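**Q** For reference, the structure I am asking about is given below.
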Amino acid sequence: MHPIRLPKRPKGPWRAVVAVLLDVVITAGIALSVYYFNYRVPQRFALPSMAEQGTLYAGGPLQPEGSSAGSLPLEGKFADRFSDTVTTTDTSYRSKDLSITVTAHTLGKGSNRVAYYVADVYTSNIRCFRTYFSQDTYGSGFEEHLTKMSRDV
């Protein structure tokens, strides 16, 4: 019986091509796994409690610079922004606790012209200001359509 002969290994540029392709595949695998675990897999983050954050009125870290803990509440400082009756227009909302005004602005000329909107929000009671997170969870990798989120609020 004759011994089995294996084909000879390719020499020359084929070896370099195979090495480069293997490097590209391994690098792509690492990059995709980093993307998947950092952005696609949902991760929950802890929010600091109000006691850790301080408040505007207690002189904690959220107090404006140069003001004292005994300063007027926001509805006193910005009384012209609030109203005893609810008033709504196309670009504003005003009530006892909340005032929102949206203004449109443009920047640039011709094809470089950009339109942007600015919302001025004033609140006399921080409990009127709410945040909403996708799937009601603070973190990354959670997805939810804005229309569903607005229905939930």
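**Q** Cβ neighbours within 10 Å, averaged per peptide: list 89-98, 14-23 in order, most packed at the top. Working shown, then result.
**A** Numbers: 89-98: 13.7, 14-23: 10.2.
Most protected by this proxy first, the peptides run 89-98, 14-23.
**Q** Could you give me the ³J(HN,Hα) list for the range 97-112, computed from phi with Karplus coefficients 6.51, -1.76, 1.60 and θ = phi - 60°, whole Hz, x at Gly and Pro?
**A** Whole-Hz 3J(HN,Hα) from phi for the range 97-112: 10, 9, 9, 10, 10, 10, 10, 9, 9, 10, 9, x, 9, x, 6, 9.
Since every read-out is calculated from the coordinates, none of them should be taken as a lab result. In this text the structure is predicted, and so the values were computed from the model without any measurement. Note that we place each Cβ from the backbone using ideal geometry, even for glycine, and neighbour counts take in every protein chain shown.
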